[in-house]
Amino acid sequence: MSEPDDDVERMLAVLAWWFSKLHKHTGRVHKPFNSILGEQFFCHWEVDGDGADAADGTTASSVTAVADGDSKLRVEYITEQVSHHPPVSAFIYRCKERGIEAAGMDHITAKFTGLSATVATGKECHGIFVTLKQRGDEMYKCTHPVGSIVGWLRGTLRVQMIESSYVVCARTGLAAIIEFREERWFGKNKGNVSGVVFRYDAQAHGDAIAGWRLKDIPRGCTTVATFGGNWDQRVTAQRAGEAERELIDMGALAAADRIVKPLDEQGELESRRIWEPVAAQMRQSRFGDATRLKREIEDRQRALAAARVERGETFVPALFKPGYAATGRPELLDGARVNV
């Protein structure tokens with residue numbers, strides 16, 4: 001993302017990454033465990049550094065290509081559950097070799113309406129903030145789409161993306177609006193996503209972009225690129241005056257394996273240490289025992305919460321600096337114990 005000198009190419013590279021994170025929604029729908037307060041998870045990936053940023057700024061399968069040569073990049077993930085009511089976690093992805101960091105708050109809300117359920121961001125989530133340190137801390141604010149879970153009648157649940165999202169970089173004065181179209185009940189859509197990259201006036205438009213759809217982009221904004229296709233298949237992009245090209249091929253992506261420390265090297269608040277007893281019972285189809293162990297974990301958390309109230313204490317995160325609630329952009333504490 002940080003290699004192209006052209007600011008439009010950097011924006012297109014960020015958009016390719018933005019679409020790549022939707023890859024996890026192209027398969028089956030799963031429900032995770034409910035994280036306990038203070039729960040932590042650390043992992044890293046070893047990915048291929050050759051061609052991870054293409055010369056034209058776009059990316060394809062190299063986004064998640066597993067490293068099998070000498071050119072390796074280490075991408076780390078750090079997260080902590082910082083609130084239980086509502087459930088909110090702070091997270092940071094970082095690649096130190098490339099000087100790239102992505103930080104944000106996970107907070108979702110769910111709403112059931114008839115034959116579908118929608119999952120959207122909660123008020124504590126302001127988006128993902130991608131920082132390119134090699135570009136003078138150039139930052140991109142990337143908001144999340146709304147997911148609609150469909151397939152209840154057929155018994156095969158899957159996710160559709162609906163409504164719109166945006167990516168904005170105040171430093172370069174570039175923004176992108178990404179608009180999704182709901183899929184038809186019958187037949188096939190020719191495309192379920194489209195978007196525009198344009199130059200905007202940060203002083204004149206400010207935070208107004210957050211409420212824009214494609215039709216709301218003012219005429220005074222200069223369009224520098226368009227993109228579209230199917231978010232779960234292939235998306236192409238076209239710069240003004242240039243030929244259309246591939247932005248990302250979702251079908252060519254494969255998620256690299258997470259590398260996590262063994263259980264005996266994990267702290268007591270790390271996810272796999274907490275939930276492994278429950279998961280072990282589930283793998284053996286002993287769901288009654290799994291439920292009992294899950295309740296024991298939850299009861300311990302209620303007891304700890306009651307004790308904090310009695311002492312007049314509030315929960316203090318172990319990894320992140322205070323103040324993240326106002327900005328939605330968490331920062332690691334100096335000296336935070338990061339077990340990657």
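The values are calculated or read from the model by the stated rules, or taken from the named source; none is laboratory data. From a predicted model like this one, the values you see are computed outputs, not experimental measurements. Cβ: placed from backbone, ideal geometry, glycine included. Neighbour counts: every protein chain shown.
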> Consider residue 189 against the criteria (1) modelled with pLDDT under 95; (2) within 22 Å of residue 141 (Cα to Cα); (3) in contact with an Asp or Glu (Cβ under 8 Å, 6 or more places away or on another chain): it satisfies all of them except one. Which criterion is unmet?
Replying inline: (2)
>> Yes or no: the stretch 229-251 includes at least one residue that is closer than 30 Å to residue 295 by Cα and touching a residue at least 40 places away in the same chain (Cβ under 8 Å).
In response: no
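Would you confirm, using the coordinates I've provided, whether residue 181 is of a type in the set (D, E, K, R) and modelled with pLDDT of 75 or more?
Values: of a type in the set (D, E, K, R): yes; modelled with pLDDT of 75 or more: yes.
The answer is yes for residue 181.
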> Just checking, which of 147, 127, 136 is under 22 Å from residue 176 (Cα atoms) and at pLDDT below 85?
Replying inline: 147
>> Cβ contacts < 7 Å: first residue more than 22 Å from residue 118 (Cα to Cα) and assigned by TED's automatic domain parsing to the domain that holds residue 181, restricted to the stretch 159-170; second residue at pLDDT below 90 and not in a strand (DSSP E or B), any location; separation 6+ or different chain. Result?
In response: 168/209; 170/202
> Mind checking whether some residue in the stretch 302-317 is touching a residue at least 12 places away in the same chain (Cβ under 8 Å), not assigned by TED's automatic domain parsing to the domain that holds residue 130 and not in a helix (DSSP H, G or I)?
Replying inline: yes
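Got at least one residue in the stretch 321-330 being closer than 22 Å to residue 82 by Cα, outside the structural domain of residue 129 (by TED's automatic domain parsing), touching a helix residue (DSSP H, G or I) at 6+ places or on another chain (Cβ under 7 Å) and not in a helix (DSSP H, G or I)? Step through it out loud before you land on a result.
Step one: filter the stretch 321-330 for residues closer than 22 Å to residue 82 by Cα, giving 321-330.
The next check asks that each one be outside the structural domain of residue 129 (by TED's automatic domain parsing); those that pass are 321-330.
Narrowing further to those that are touching a helix residue (DSSP H, G or I) at 6+ places or on another chain (Cβ under 7 Å): 330.
This time we only want the ones that are not in a helix (DSSP H, G or I), so: 330.
Checked against the condition, which is being closer than 22 Å to residue 82 by Cα, outside the structural domain of residue 129 (by TED's automatic domain parsing), touching a helix residue (DSSP H, G or I) at 6+ places or on another chain (Cβ under 7 Å) and not in a helix (DSSP H, G or I), the stretch 321-330 yields at least one hit.
Restricting attention to the stretch 260-273, and to residues there that are acidic (Asp, Glu) and over 25 Å from the mean Cα position of the chain (by Cα), which single residue is surrounded by the most Cβ atoms within 10 Å (Cβ to Cβ)?
Within the stretch 260-273, the subset acidic (Asp, Glu) is 264-265, 268, 270.
Pick out the ones that are also over 25 Å from the mean Cα position of the chain (by Cα) and you get 264-265, 268.
On the way: 264: 6, 265: 10, 268: 8.
Taking the candidates together, the pick is 265.
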> All but one of (1) surrounded by 13 or more Cβ atoms within 10 Å (Cβ to Cβ); (2) on the phi > 0 side of the Ramachandran plot hold for residue 221; which doesn't?
Replying inline: (2)
> Can you spot a residue in the stretch 64-72 that is surrounded by fewer than 21 Cβ atoms within 10 Å (Cβ to Cβ), under 26 Å from residue 192 (Cα atoms), modelled with pLDDT under 95 and basic (Lys, Arg)?
Replying inline: no
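Kindly establish whether residue 154 is more than 18 Å from the chain's Cα centre (by Cα), touching a residue at least 24 places away in the same chain (Cβ under 8 Å) and assigned by TED's automatic domain parsing to the domain that holds residue 25. Working first, answer last.
Working: more than 18 Å from the chain's Cα centre (by Cα): yes; touching a residue at least 24 places away in the same chain (Cβ under 8 Å): no; assigned by TED's automatic domain parsing to the domain that holds residue 25: yes.
So residue 154 fails the test.
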>> Can you say whether residue 317 is in contact with a helix residue (DSSP H, G or I) (Cβ under 6 Å, 6 or more places away or on another chain) and surrounded by 13 or more Cβ atoms within 10 Å (Cβ to Cβ), as far as the supplied structure shows?
In response: no
> Counting only residues that are part of a strand (DSSP E or B), at pLDDT below 95 and aliphatic (A, V, I, L, M), which one in the stretch 95-119 is surrounded by the fewest Cβ atoms within 10 Å (Cβ to Cβ)?
Replying inline: 110
> Mind checking which pairs have a first residue in the stretch 274-300 that is loosely packed, with under 15 Cβ neighbours inside 10 Å and a second that is among the β-branched types (Val, Ile, Thr) and outside any helix (DSSP H, G or I), Cβ under 9 Å, 6 or more apart or different chains?
Replying inline: 298/36; 300/36
>> Looking only at the stretch 138-171, filter to residues that are of a type in the set (S, T, N, Q) and in a strand (DSSP E or B); which one of those is surrounded by the fewest Cβ atoms within 10 Å (Cβ to Cβ)?
In response: 164
